[in-house]
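The values are calculated or read from the model by the stated rules, or taken from the named source; none is laboratory data. Keep in mind the model is a prediction, meaning the values are calculated, not measured. FYI the Cβ positions are ideal-geometry reconstructions off the backbone, even for glycines, and counts take in every protein chain you see.
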Amino acid sequence: MATSYSVFTLSVLLLAFSVAHCQYRSISGGLRLKHISTSVNYIWGVTTDDRIFKCNRPCNGDWTQIPGALMQLDVGDEEVWGVNSAHHIYKRPADGSGSWVRIPGALTHVSASGNGYIWGVNSADNIFKCKKPCLGAPWVGVGGALKQIDGGHDYVYGVNRDNLIYTRPVDGSGSWRQIPGALKHVTASSRTEIFGVNTADKTFRCHKPCVGEWELMEGSLKQCDGTFDSFVGVNSDNYTFERKTGI
């Protein structure tokens, strides 16, 4: 069932944010999310109490609650993947139809946006990949240690416990290359840009292939996600915002 929120509340949020950050628009609709993810057609998010919501793009805050409970999720073009507080892994169609299907394994963070591969990390920062659709196929361990990971079209990106940034080909070939800089969260979904936030919630972007030429963006976000034409994020108050990429 769709969740509706006060028009007044939304108007206040839009005004307050637009004055300081004219490139962003609020998509909160009064809903507070701790984690958000976007694809070409959908935006998904989870609240601080692990409730799951979806919004069809262009999202104007008209969120629909989806049954289940997840602490983190990531939506790709065809499926949304997520992990719950017990580190169980689930997926379902990106449009929210059907039901959740449990995938064997245990992860603390999963990425569904990798071209041809699902990537994830577990509670020990071990890294895994699985070839899509990743039903009966086993998870394959990949060397290294990361706390967060995000797959893109050509490369996968991640950050470790020291907030150092690494990348390698999305199929897992080659080796990890360190990118100068420090981020607590990185996203690779945009075809042309990488986005990330640091421990001070400052937001950055870097044009691919990215050798460390990070550009500071306006706005303060604690987590973000990007697709080919849009960039979404959550701030420290758990309100959500969107801006077009390339501006």
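There is no residue in the stretch 201-211 that is under 15 Å from the mean Cα position of the chain (by Cα), part of a strand (DSSP E or B) and within 22 Å of V80 (Cβ to Cβ). Does any residue of the stretch 221-236 turn out to be modelled with pLDDT of 95 or more, over 26 Å from R51 (Cα atoms) and not in a loop (DSSP other than H, G, I, E, B)? Checked the stretch 221-236: no residue is modelled with pLDDT of 95 or more, over 26 Å from R51 (Cα atoms) and not in a loop (DSSP other than H, G, I, E, B). Would you check which residues across the stretch 181-192 are in a loop (DSSP other than H, G, I, E, B), closer than 19 Å to A145 by Cβ and without any contact (Cβ under 8 Å) to a residue 40 or more places away in the chain and list them? Across the stretch 181-192, the qualifying residues are L183, K184. Only residues that are free of Cβ contacts under 8 Å to residues at least 40 places away in the same chain and among the hydrophobic types (A, V, I, L, M, F, W, C): list them for the stretch 157-180, please. If the condition is that a residue be free of Cβ contacts under 8 Å to residues at least 40 places away in the same chain and among the hydrophobic types (A, V, I, L, M, F, W, C), then V159, L164, I165, W176, I179 are the ones that fit.
Of all the listed residues (D150, D125), the sole one being in contact with a Lys or Arg (Cβ under 7 Å, 6 or more places away or on another chain) and either closer than 23 Å to Y42 by Cβ or of a type in the set (D, E) (or both) is D125.
Screening the candidates S111, S173, S123 for the property of being within 23 Å of K54 (Cα to Cα) and of a type in the set (S, T, N, Q) yields one hit, S111. Scanning the stretch 85-107 turns up no residue that is modelled with pLDDT of 95 or more and under 13 Å from the mean Cα position of the chain (by Cα).
Yes/no matrix, rows are residues, columns are (1) under 16 Å from the mean Cα position of the chain (by Cα); (2) surrounded by 17 or more Cβ atoms within 10 Å (Cβ to Cβ); (3) in contact (Cβ under 8 Å) with a residue 60 or more places away in the chain:
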position	(1), (2), (3)
Q23	no, no, yes
L31	no, yes, yes
S37	yes, yes, yes
D49	no, no, no
V80	yes, yes, no
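Residue count for the stretch 51-67 under the criterion of being in a strand (DSSP E or B) and more than 17 Å from the chain's Cα centre (by Cα): the result is 4. Look at F195 and say whether it is assigned to a strand (DSSP E or B) and surrounded by 14 or more Cβ atoms within 10 Å (Cβ to Cβ). So F195 fits the description; yes.
Could you say whether any residue in the stretch 159-180 is surrounded by fewer than 22 Cβ atoms within 10 Å (Cβ to Cβ), touching a strand residue (DSSP E or B) at 6+ places or on another chain (Cβ under 7 Å), at positive phi and small (G, A, S)? Within the stretch 159-180, one or more residues are surrounded by fewer than 22 Cβ atoms within 10 Å (Cβ to Cβ), touching a strand residue (DSSP E or B) at 6+ places or on another chain (Cβ under 7 Å), at positive phi and small (G, A, S).
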